[in-house]
Amino acid sequence: MQDVLVIGGSYAGMAATLQLARARRKVTVIDAGQRRNRFTTHAHGFLGQDGKDPAAIWAEARNQLLAYPSVTWIDGHAEMVAGDKDGFTITTKAGAVASGRRLLLATGLADQLPEVDGLAARWGKTVLHCPYCDGYELGGRAIGVLASHANALHQAELLTDWGTVTLLLNDAVAPDGAQRNALALRGVVVEETPVATVQNKADVLLSDGRVLHFAGLFTTTRTSPASDLAARAGCALAETPSGTQIWTDDTKATSVPGIYAAGDVARGAHSVSLAVADGAWAGMQIHRSLVWPQG
């Protein structure tokens, strides 16, 4: 019986595990190897690691965790959850079984991109979602914002601090007069013509044959938990403007006693830095729940 089972060995899951290991608690991490930022080769805005390959950050963090004798790592896909507080059991797709008193879901999110030809192939490279992570590298050049829902208006206004912005409505949003005025005040150009395809680095071929050249494209994905384990366990979910996440309280506890959630799957804003902070907080709160189970 472990103290804690951590489902998801990315940044939030590892940050939580570090806090628990340093509290001398027994932790098993079950990781399916599907980091959300696996499509990119550079992590930006992460203090002390700016510009480093996220795969290298992950590998170094994992090696540091495994130096703690109380940490066990299982490579596998967590498929089934059973039991309750002080007696959870996780079974992987390969049949491995682990038991623990607490359960942390740090499975991350799956991104559903707008259905535009050529977009998915450039995801994490020149098709991006976080200006704080990738805006600086565009060097103040032309930026396209491909609308997927109303959040694109806010995204386009924000991105003008990183370059000259064109908002591609693509029949996804229809800004009213006040919204168009707000965009104009920020210098955003609004393009009404639908997008046919994305080509070359980040060029956009419009349906009327025109080609717009951009240093990078930003869009907002539709998100959902990368694993259905929370739903299987009966955890409440929450709807956000961009999708679905696991509901948690201020201690990162879910609606099911003994189950916690952290990282992108359990918070609104997403980045490596925020995932690490969220995971560290969750690890501390889980430890306290073990010390004061009635607290």
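Could you tell me how far the Cα centroid of the range 92-129 sits from the Cα centroid of the range 262-295, in Å?
If we compute the Cα centre of each part, the gap is 19 Å.
Roughly speaking, what is the stretch gain from A59 to V189, that is 0.36 nm per residue apart minus the C-alpha to C-alpha distance, in nm to one decimal?
Taking A59 through V189 to full extension adds about 42.6 nm, to one decimal.
Considering only V198, L47, G209, whose Cα is most displaced toward the positive end of the charge dipole of the chain, charges sitting on Cβ of Lys, Arg (+1) and Asp, Glu (-1)?
Selected residue: L47.
Quick one: dipole size for the range 82-194, taken about the Cα centre, charges +1 on Lys/Arg Cβ and -1 on Asp/Glu Cβ, in debye to the nearest 20.
Value, rounded to 20: 520 debye.
Given all pairs of different Cα atoms, what value in angstroms does the Kirkwood hydrodynamic radius of the range 160-282 take?
Numbers: mean 1/r = 0.0571 Å⁻¹.
This gives a value of 17.5 Å.
Report Rg/Rh for the chain, rounded to two decimals, where Rg is the Cα radius of gyration and Rh the Kirkwood radius.
1.03
Angle, helix 11-22 long axis vs. longest principal axis of the chain, Cα atoms, 0 to 90°, nearest 10?
30 degrees
So, in the chain, how many Lys pairs have Cα atoms under 23 Å apart, if the pair is 8 or more places apart or on different chains?
Numbers: K26/K85; K26/K93; K26/K252; K52/K125; K52/K201; K85/K93; K85/K252; K125/K201.
The number of close lysine pairs in the chain is 8.
Helix-derived [θ] at 222 nm for the chain: sum -39500 (n - 2.57) over DSSP H runs of at least 4, divide by residue count, nearest 500? All intermediate terms of the calculation are to be shown ahead of the outcome.
Working: 7 runs with 72 residues, N = 295.
Estimated from H runs of four or more residues: -7000 deg cm²/dmol.
Rank A253, L168, T219 by how far each Cα sits towards the positive end of the charge dipole of the chain (+1 on Lys, Arg Cβ; -1 on Asp, Glu Cβ) and give me just the farthest.
Positive-end residue among those listed: A253.
Between R38 and Q294, take the C-beta separation as r, use R0 = 35 Å, and let me know the FRET efficiency to the nearest 0.05.
On the way: r = 40 Å, r/R0 = 1.16.
The calculated FRET efficiency here is 0.30.
Could you compute the FRET efficiency for D250 and K201, with r as their C-beta to C-beta distance and R0 at 35 Å, rounded to 0.05?
Working from the Cβ atoms, E equals 0.25.
Find the eigenvalues of the gyration tensor of the Cα atoms of the range 1-142, then list the square roots of 5 times those eigenvalues as equivalent ellipsoid semi-axes, largest first, in whole angstrom. It would help to have the intermediate numbers written out before the result.
Details: eigenvalues 213, 69, 25 Å².
Taking √(5λ) for each eigenvalue gives 33, 19, 11 Å, largest first.
May I ask for the Kirkwood hydrodynamic radius of the range 114-219, worked out over all distinct Cα pairs and given in angstroms to one decimal?
13.4 Å
Compute the helix-to-body angle for 54-66: its Cα long axis versus the longest principal axis of the chain, expressed 0 to 90° and rounded to tens.
Roughly 10 degrees between the two axes.
With unit charges on the beta carbon (Lys/Arg positive, Asp/Glu negative), name the residue among V97, N63, G87 whose Cα is farthest towards the positive pole of the charge dipole of the range 52-105.
My answer, from the dipole projection, is G87.
Read-outs throughout are calculated quantities, based only on the coordinates presented, and are distinct from any laboratory measurement. Quick caveat, the model's predicted, so the values are computed rather than measured. Cβ: placed from backbone, ideal geometry, glycine included. Neighbour counts: every protein chain shown.
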